[in-house]
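Since the structure comes first, as structure tokens, the remarks are kept for the end.
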Amino acid sequence: MYELQTPYYICDEVLLKKNLELLKKVQDESGAKIILALKGFAMWSTFELVSKYLQGCTASGYHEAKLAYEEFLKYNKAAEVHTYSPAFKESEIEKIAKISNHIVFNSPNQLKKFIWKVKEINPEIHVSLRINPEVSASPVDIYNPCGIYSRLGTTLKNFDEDMLKHLDGLNFHALCEQDAEALESVLVAFEENFSKYFQHLKYINFGGGHHITKKGYNVEKLIVLIKRFKEKYNLDVYLEPGEAVGWEVGDLVTSVLDIFENGMQVAILDTSAEAHMPDTLAMPYRPEIQNAAAAGEKKFTYRLGGNTCLAGDIIGDYSFENPLQVGDRLVIQDQIHYTFVKNTTFNGIALPSLVIKRANAEEELIKKFDYQHYKERLS
Ligand SMILES: *Cc1c(COP(=O)(O)O)cnc(C)c1O
């Protein structure tokens, strides 16, 4: 008998710690500060651990900033909250200024609109502007912040030098799941266009998208790039990865609910690509499943689908050594980053539970969701 009911995400503390140790090595050897992008990984029950390694969080608005303030600073008083938003709202800016150490504006308009209010509320706050370096090697348009007509960041053409007196730093975020070579090419363009302003600044934030914890990532090159930059310009450097923190630290465990034949074998799972693993449809990509292979590779092939009424709620076609049975459990791998942060209760489908696998292998149920969570979002 299984103790835990499916579906659930299970985050393995040992694997998370391994990622954090590598990120700490990058900090120690390069001198950069690394903060967690909550957008990609916000399992705050792990923040006691994460806060031992990383210097704070980057938030995409008031709610994430508040979560960092409440749940990260609790363990590390010196941790920093950096808050960026494509556009801040009048009704939230004061609350954000109060709990943020850094505020990052997206446009000169926003900076001019809010700078005085922000400084009045929090005179210590560091102020930055997000730059659009207009270079990105992002693999797909939906994740390319420098694409045509991008709304993310200020281009050189729109940069207003009047802002410099307010700025402590500049931010850019131009990568997605990329290696140090991609960072290098963004840096070339960024330095060419913006280094003339560096003398006014204290730091540059290199954003996220650095796939540091992926096997094969050129960590040494990243360290060299950061050290060179820091020495050349005498500026502090921040990185703010999300995915690299939660990369390959756990799975989504699901059960087979039904199997039938309709031109091929179809299996329905108690999870959903649309609601629980949205990047499989948005990116799109095919997640790995434990003990499964590509269609036709092993003896028994199935189309695995979710338990919603969306026709396209399909995880993919997978083959198995033995026939699947109703009640079998499938372990969909690497489903911790950009999953539960994006979950929906579409179709009223239950949100998967959150489980942490402790260092002693014990699987601890952290949170279970029920009907109330679905109802509360509606009226
Ligand atoms: C999404 C995002 C990040 C984190 O990106 P990852 O790909 O998860 O590392 C960092 N900074 C900004 C501004 C972002 O939008």
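The values are calculated or read from the model by the stated rules, or taken from the named source; none is laboratory data. Note that this is a predicted model, so its numbers are computed, not measured. Heads up, the Cβs are rebuilt from the backbone with ideal geometry, glycines too, and the neighbour counts pull from every protein chain shown.
Out of the residues in region 40-68 that are of a type in the set (Gly, Ala, Ser) and buried (at least 19 other Cβ atoms within 10 Å of the Cβ), state the one that is farthest from residue 238 (Cα to Cα).
It comes out as 42.
Can you pull out every residue in region 130-150 that is among the hydroxyl-bearing types (Ser, Thr, Tyr), more than 16 Å from the chain's Cα centre (by Cα) and crowded, with 17+ Cβ neighbours inside 10 Å? If you could, list the steps in order and put the result at the bottom.
Start the filter on region 130-150 by keeping residues that are among the hydroxyl-bearing types (Ser, Thr, Tyr), which leaves 136, 138, 143, 149-150.
Applying the additional criterion that residues be more than 16 Å from the chain's Cα centre (by Cα) yields 136, 149-150.
If the condition is that a residue be among the hydroxyl-bearing types (Ser, Thr, Tyr), more than 16 Å from the chain's Cα centre (by Cα) and crowded, with 17+ Cβ neighbours inside 10 Å, then 136 is the only one that fits.
I'm told residue 47 meets every condition in (1) within 19 Å of the chain's Cα centre (by Cα); (2) farther than 25 Å from residue 31 by Cα; (3) among the aromatic types (Phe, Trp, Tyr) except one. Can you identify the failing condition by its number?
(2)
From the list 92, 71, which residue is more than 13 Å from the ligand (Cβ to nearest atom) and surrounded by fewer than 18 Cβ atoms within 10 Å (Cβ to Cβ)?
92
Taking the conditions exactly as written (loosely packed, with under 15 Cβ neighbours inside 10 Å and either modelled with pLDDT of 95 or more or assigned by TED's automatic domain parsing to the domain that holds residue 206 (or both)), does residue 5 satisfy them or not?
So residue 5 fits the description; yes.
Just to be sure before I move on: is residue 53 outside the structural domain of residue 368 (by TED's automatic domain parsing) and assigned to a loop (DSSP other than H, G, I, E, B) in the structure I sent?
yes
Counting just the residues of region 136-161 that are hydrophobic (A, V, I, L, M, F, W, C) and within 16 Å of the ligand (Cβ to nearest atom), which one comes out modelled with the highest pLDDT?
Our first condition is that a residue be hydrophobic (A, V, I, L, M, F, W, C); within region 136-161, this holds for 137, 140, 142, 146, 148, 152, 156, 159.
Those still in the list that are within 16 Å of the ligand (Cβ to nearest atom) too: 137, 140, 142, 146, 152.
Working: 137: 70, 140: 80, 142: 85, 146: 89, 152: 96.
Out of the qualifying residues, it is 152.
Can you work out which of the residues in region 1-44 that are within 14 Å of the chain's Cα centre (by Cα) and assigned to a loop (DSSP other than H, G, I, E, B) is farthest from residue 221 (Cα to Cα)?
Among those that are within 14 Å of the chain's Cα centre (by Cα) and assigned to a loop (DSSP other than H, G, I, E, B), it is 43.
Please determine whether any residue of region 215-236 is at positive phi and within 16 Å of the ligand (Cβ to nearest atom).
no
Starting from region 161-184, keep only residues that are over 29 Å from residue 279 (Cβ atoms), then list their pairs with residues that are in a strand (DSSP E or B) and within 10 Å of the ligand (Cβ to nearest atom) whose Cβ atoms are within a distance under 7 Å, requiring at least 6 positions of separation or different chains.
169/205
Inspect region 28-38 for any residue being farther than 27 Å from residue 228 by Cα and modelled with pLDDT of 95 or more and give the result as yes or no. Don't jump to the end; show me each part of the working.
Here is the first cut: in region 28-38, the residues farther than 27 Å from residue 228 by Cα are 38.
The next check asks that each one be modelled with pLDDT of 95 or more; those that pass are 38.
Scanning region 28-38, I find at least one residue that is farther than 27 Å from residue 228 by Cα and modelled with pLDDT of 95 or more, so the answer is yes.
Can you give me the number of residues within region 242-295 that are in a loop (DSSP other than H, G, I, E, B), among the aliphatic types (A, V, I, L, M) and closer than 22 Å to residue 345 by Cα?
Restricting attention to region 242-295, the residues satisfying the condition of being in a loop (DSSP other than H, G, I, E, B) are 242, 247-249, 262-264, 270-272, 277-278, 283-288, 290-292, 295.
Narrowing further to those that are among the aliphatic types (A, V, I, L, M): 249, 264, 277, 283, 292, 295.
Going one step further and asking which of them are closer than 22 Å to residue 345 by Cα, we end up with 277, 283.
Residues that pass the stated criteria total 2.
Residue by residue through region 192-211, note down the ones that are within 16 Å of the ligand (Cβ to nearest atom), within 17 Å of residue 126 (Cβ to Cβ) and not polar (S, T, N, Q).
Result: 203, 204, 206, 207.
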